[in-house]
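Here's the structure we're looking at; comments come further down.
The values are calculated or read from the model by the stated rules, or taken from the named source; none is laboratory data. Keep in mind it's a predicted model, so treat the numbers as computed, not measured. All Cβ positions, even for glycine, are placed from backbone atoms using ideal geometry, and neighbour counts span all protein chains on display.
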Amino acid sequence: MTTLAAPSGSRAGRILVLVAVLLMSANLRSAVASMSPIFVFIGQDMALSVSAIAVLGMMPPLLFALCGVFTPVLVRRTSLETATVVALVVQAIGLVVRTVAPESSVLILGSALVFGGIGMGNVLLPPLIKRHFPDHIAVMTSVYLTLMAIGTFVPAFMAVPVAEAAGWRASSGVWALLGLIAIVPWVIIAVQQRRAHVQALSDDGPAVEEAEPAVLGKMWRSPVAWAITIVFSVSSMNAYLMFSWLPSMLIDTAGLSAGEAGALMGVFAFMGMPTALLVPMIATRLGSVSKIIYFGVICGLIGYAGLWLLPTTATWVWVVLLGLIPTLFPVALLLVNRRTRSHRSAVALSGFAQSVGYCLGGLGPLLVGVLHDVTGGWTTSYVVMMVLLLAAVWAARVLRVPRPVEADWEK
């Protein structure tokens with residue numbers, strides 16, 4: 001039996017995959033970031049209730065978690081590249097449906113397809129990097145995370161001006177065009193991969209392309225897999241929490257205006273770009289991710305303590321420190337590749353970490369909202385989030401030893 005070589009083995013093939021990864025990375029966040037700023041314009045065109053907006057707000061983490069479960073199954077039945085084409089096609093269809101939606105129910109359906117495609121792409125990108133760029137994992141992780149960060153703030157910045165000038169459908173449609181363009185190189189790559197598969201069958205008999213179904217199940221028994229999942233979960237929960245509640249926290253406790261709170265929200269969001277660019281390469285230099293995890297946890301603890309005890313003093317410093325908790329996000333994605341021996345195991349680990357991580361991440365805003373309603377303030381929420389941050393300390397201790405997840409079930 002033959003294990004297939006990546007279709008990007010040649011220089012031209014690698015350039016094609018690089019372009020494909022760049023387009024896909026920019027595409028994975030643009031569809032989400034461009035939506036919420038134009039809700040007011042959509043509401044002027046169709047009946048968009050508060051409940052409908054709430055459903056749209058809850059969709060991303062829930063669908064991302066669901067896709068973490070079934071995407072490895074799709075990869076196993078097809079291939080990594082074919083699954084990527086499916087993810088991008090689903091997202092593109094959703095973007096088109098969302099753009100032409102005549103009513104809120106169709107808008108919600110289109111958004112569900114968009115978030116489903118994005119959820120699949122989230123799982124697929126790390127193993128795609130491992131498969132096609134095994135000798136440049138840190139650099140390529142930095143590249144695609146930076147493109148994802150750009151794909152987050154640029155659409156959010158452009159959405160309102162475009163909607164004011166040409167309507168919300170034009171604002172949404174711009175990103176549908178990007179989604180359609182992103183499909184093209186992956187179709188070419190998938191066709192090349194399929195040809196290589198057929199050639200391997202004719203030359204050497206059945207080719208082994210994906211791991212056995214048991215690999216995903218084995219992740220549940222791996223301390224390394226759980227440590228990576230906890231790192232991802234802590235980062236995801238804090239990110240969703242901040243994007244949902246930080247402005248309200250600042251207005252209530254620091255006495256800021258809505259405009260000032262929004263500006264600091266922008267500062268928090270911006271911190272994701274330098275961390276995405278630098279953290280994977282710093283981790284490679286250090287040779288260990290534990291120090292970076294400790295750094296993120298310490299920054300988060302100080303940030304929450306500052307908002308709790310000294311909310312009106314140097315408020316921007318506390319926000320910047322909280323913005324450094326997402327250093328854990330690129331660490332988790334880098335570990336998906338660094339702590340697996342093959343791209344097949346990387347698919348399973350990526351799906352496992354993201355299904356659990358996004359599920360817990362989606363619960364963060366709900367937990368804080370309930371605590372605020374029960375206590376009437378934010379103090380309990382700050383304390384609870386500080387305690388949850390400490391879970392990453394255990395993960396850092398487990399990850400000090402550079403062993404792959406496969407070693408956990410080979411004992």
Residues of segment 95-146 that turn out to be buried (at least 24 other Cβ atoms within 10 Å of the Cβ), free of Cβ contacts under 8 Å to residues at least 60 places away in the same chain and more than 21 Å from residue 354 (Cα to Cα), as a count: 0
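Could you list, in sequence order, all residues of segment 51-72 that are aliphatic (A, V, I, L, M) and touching a residue at least 12 places away in the same chain (Cβ under 8 Å)? Lay out the reasoning, then the answer.
In the first step, residues of segment 51-72 are kept if they are aliphatic (A, V, I, L, M); the result is 52-56, 58-59, 62-63, 65-66, 69.
Those that are aliphatic (A, V, I, L, M) and touching a residue at least 12 places away in the same chain (Cβ under 8 Å): 52, 53, 55, 56, 58, 59, 62, 63, 65, 66, 69.
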Of all residues making up segment 1-17, the number that are at pLDDT 75 or above and in contact with a His (Cβ under 9 Å, 6 or more places away or on another chain): 3
Which listed residue, of 87, 31, 20, is crowded, with 23+ Cβ neighbours inside 10 Å, modelled with pLDDT under 85, under 26 Å from residue 153 (Cβ atoms) and under 18 Å from the mean Cα position of the chain (by Cα): 31
Residues satisfying the stated conditions in segment 252-300, i.e. without any contact (Cβ under 8 Å) to a residue 12 or more places away in the chain, β-branched (Val, Ile, Thr) and surrounded by fewer than 18 Cβ atoms within 10 Å (Cβ to Cβ): 298
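Which one of these is surrounded by 15 or more Cβ atoms within 10 Å (Cβ to Cβ), farther than 29 Å from residue 191 by Cβ, modelled with pLDDT of 85 or more and assigned by TED's automatic domain parsing to the domain that holds residue 141: 65, 52? Break it down into steps so the answer makes sense when it comes.
Numbers: 52 fails: modelled with pLDDT of 85 or more.
On inspection, the qualifying residue turns out to be 65.
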Residue 184 vs. criteria surrounded by fewer than 16 Cβ atoms within 10 Å (Cβ to Cβ), in the same structural domain as residue 87 (by TED's automatic domain parsing) and over 20 Å from the mean Cα position of the chain (by Cα): yes
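Taking residue 242, is it surrounded by fewer than 21 Cβ atoms within 10 Å (Cβ to Cβ), within 21 Å of residue 366 (Cα to Cα) and of a type outside the set (Gly, Ala, Ser)?
Values: surrounded by fewer than 21 Cβ atoms within 10 Å (Cβ to Cβ): no; within 21 Å of residue 366 (Cα to Cα): yes; of a type outside the set (Gly, Ala, Ser): yes.
No.
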Tally, over segment 35-49, of residues that are at pLDDT below 75 and of a type in the set (S, T, N, Q): 2
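Condition check ((1) under 17 Å from the mean Cα position of the chain (by Cα); (2) outside the structural domain of residue 152 (by TED's automatic domain parsing); (3) more than 22 Å from residue 189 (Cα to Cα)) across all residues:
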position: 104; (1), (2), (3): no, no, yes
position: 111; (1), (2), (3): yes, no, yes
position: 120; (1), (2), (3): yes, no, no
position: 135; (1), (2), (3): no, no, no
Close pairs from segment 25-45: first touching a residue at least 12 places away in the same chain (Cβ under 8 Å), partner surrounded by fewer than 23 Cβ atoms within 10 Å (Cβ to Cβ) and not in a helix (DSSP H, G or I), Cβ under 7 Å, at least 6 apart: 39/48; 42/48
